[in-house]
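The structure appears right after this line, and notes come after that.
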Amino acid sequence: MAAQFRSYVWDPALIVAQMVLLQAGYYSSLGLWLALLGTLGSTGPSLHQVFSDEILGFSTPPGRLSVMAFILNALTW
């Protein structure tokens, strides 16, 4: 009988833990990209850049940096 990795166990705690870890990793790396690109544009990272859709766009320099950070984060993940 071959060993199987949790193929027979319904483990909701494992699923929730995986979801939380993926979200934490995604937002942590997004914050890192925003901080790195913020040094190029001399703007500091803020939660407004992460959670607001008003900042995203190509009309302002911080908006362009935010879009670049989201794209680089998507490529990273």
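Here, each number is a calculation from the coordinates, and none is a lab measurement. Everything numeric in this text was worked out from a predicted model, so none of it was measured. All Cβ positions, even for glycine, are placed from backbone atoms using ideal geometry, and neighbour counts span all protein chains on display.
Tabulated values for the structure
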quantity	calculated
Principal-axis tilt of helix 12-40 within the chain, Cα atoms, nearest 10 degrees	20
The chain pair-distance distribution - Cα-Cα, 5 Å bins, rounded %	3, 15, 20, 18, 11, 8, 7, 6, 5, 4, 2, 1, 0
Relative contact order of segment 12-76, pairs being alpha-carbon contacts under 8 Å that are 6 or more residues apart, as %	31
Two-site FRET efficiency, residue 36 against residue 15, from Cβ-Cβ distance with R₀ of 35 Å, rounded to 0.05	0.65
Net charge contributed by nearby residues that have their C-beta within less than 15 Å of residue 47 (K/R +1, D/E -1)	-2
Folded to 0 to 90 degrees: helix 61-76 orientation relative to the chain principal axis, Cα	20
